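Shown below is the structure under consideration.
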Amino acid sequence: MPVAIITGASRGLGRALAAQLAGRGWDLVLDGRNADALRSAAAELERTAEKSPGTSNGPAGRGPAVRAVPGDVTDPAHRAELVAVALDLGDGGGIDLVVNNASALGAEPLVPLAELPVEGLREALETNVTAPFALLRAALPGLRTAGGAVVNVSSDAAVEAYPTWGGYGASKAALEQLSAVLAQEEPELRVWWVDPGDLRTQLYAAAVPDDEDFDERLLPEEVAPAFLRLLDARAPGGRYVASVLLETR
C-alpha cells in the first residue's frame, strides 16, 4: 500500500485529505497537536476505510493502517517520529506522499502588520515554512525511494496583498518559493503547492471571525478531491488552485 504523511490531520482539510486517501487504501501517518482529537480522527478513518471498496488491496486483505502521531511539527523529534513511522509502514518501499497542511496564523484574529507581534510572525514562519522544510528534508530519502510526491498547502495570500494577511501571507509566499526550488532540484519527485481557497474551517474562522460569508465557504470535504486529481493525473510540479482543479473534468 502507498504511504502518506499528513500534518494538521485531526480536523479540516488535513482530515478531509486523509479520508480521501484512506478510502483508496493508503496507509497514513497523521500529525496533530491535539492528541485526543487526532486519535479519534484516526480511529474513525480506519473504521470507515475498512468498509470502502478501494481498500481491498492490502496484505491479507487488510484495510489501511492509520497511525496517529500526536505532536508539534516544529519539534524535530516529532518530525523524526513521523518519518520513522511512515518508513516502517512502507516496509522499505519509501514514502509516497508528504502533505504539509499544518498552519499557524500568527494572530487570531488576523491584524494589520503594525499590530502583528514579532512573536506571531515568528510562529507563522516556524510552523508554515521551517517545519515543512525540515520535515521534507527528513523524508527526502524515503520520497526518492518511492518516486513520491509532495503537497504543500498554500494560500492566495501568498500571491495577493490582503490587509491583515501580511504575516500569514509572507510565510506562505516563502513556502511557495521553497516548493518551486525543490521541484527544480528534485525532478524525480512531483512537488505541488496548492491554494485550497477560503474554506469553512476552524482556522479560517479564527482568522476572520466576522466573515459574513463564512457559511457559504466550501467545506474541506468538497475541496479535497481536487488534490486527488493531481495524484491521479501525475500532474507536473507547480502551483495549483483547487477551484480550477475542481472545474477540470
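The values are calculated or read from the model by the stated rules, or taken from the named source; none is laboratory data. The structure displayed is predicted, hence computed values, not measured ones. As a convention, Cβ positions derive from the backbone with ideal geometry for all residues, glycine included, and neighbour counts pool all protein chains shown.
Of (1) within 15 Å of the chain's Cα centre (by Cα); (2) surrounded by 18 or more Cβ atoms within 10 Å (Cβ to Cβ); (3) under 21 Å from ARG15 (Cβ atoms), PRO225 satisfies all except one. Which?
(2)
I've got another one for you. Can you list residue pairs whose Cβ atoms sit under 8 Å apart, with the first residue in region 61-72 being more than 14 Å from ALA37 (Cα to Cα) and part of a loop (DSSP other than H, G, I, E, B) and the second being modelled with pLDDT of 90 or more and aromatic (Phe, Trp, Tyr)? Count only pairs 6 or more apart in sequence or on different chains.
Hits for this filter: PRO64/TRP26.
State which residue is farthest from GLY197 (Cα to Cα) when the search covers only region 109-164 and only residues that are in a helix (DSSP H, G or I) and polar (S, T, N, Q). If you could, list the steps in order and put the result at the bottom.
Here is the first cut: in region 109-164, the ones in a helix (DSSP H, G or I) are 113-115, 118-146, 156-158.
Subsequent filtering for residues that are polar (S, T, N, Q) retains 127-128, 130, 145.
Working: THR127: 19, ASN128: 17, THR130: 22, THR145: 32 Å.
Once the filter is applied, the top-ranked residue is THR145.
Yes/no matrix, rows are residues, columns are (1) modelled with pLDDT under 95; (2) touching a Pro at 6+ places or on another chain (Cβ under 7 Å); (3) among the small types (Gly, Ala, Ser):
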position: THR74; (1), (2), (3): no, no, no
position: ALA102; (1), (2), (3): no, no, yes
position: PRO109; (1), (2), (3): no, yes, no
position: GLU115; (1), (2), (3): no, no, no
position: LEU121; (1), (2), (3): no, no, no
position: ASN128; (1), (2), (3): no, no, no
position: ALA173; (1), (2), (3): no, no, yes
position: SER179; (1), (2), (3): no, no, yes
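Something else about it: Could you please let me know if ALA102 is in contact (Cβ under 8 Å) with a residue 24 or more places away in the chain, outside any helix (DSSP H, G or I) and crowded, with 23+ Cβ neighbours inside 10 Å? It would help to see each step written out before you state the result.
Numbers: in contact (Cβ under 8 Å) with a residue 24 or more places away in the chain: yes; outside any helix (DSSP H, G or I): yes; crowded, with 23+ Cβ neighbours inside 10 Å: yes.
Yes.
Considering only region 108-148, state which residues are buried (at least 18 other Cβ atoms within 10 Å of the Cβ), hydrophobic (A, V, I, L, M, F, W, C) and closer than 18 Å to ARG33 by Cβ.
Those that are buried (at least 18 other Cβ atoms within 10 Å of the Cβ), hydrophobic (A, V, I, L, M, F, W, C) and closer than 18 Å to ARG33 by Cβ: ALA124, LEU125, VAL129, ALA131, LEU135.
Select from region 199-230 the residues that are within 20 Å of GLU176 (Cα to Cα) and in contact with an Asp or Glu (Cβ under 8 Å, 6 or more places away or on another chain) and list them in ascending order.
Within region 199-230, TYR204 is the sole residue that qualifies.
On to the next question. I'd like to verify a number: residues in region 207-221 that are in a loop (DSSP other than H, G, I, E, B) and either more than 23 Å from the chain's Cα centre (by Cα) or over 18 Å from SER243 (Cβ atoms) (or both), how many? Talk me through it step by step, then tell me what you get.
Here is the first cut: in region 207-221, the residues in a loop (DSSP other than H, G, I, E, B) are 208-213, 217, 219.
If we keep only those that are either more than 23 Å from the chain's Cα centre (by Cα) or over 18 Å from SER243 (Cβ atoms) (or both) as well, we get 208-213.
So the answer is 6.
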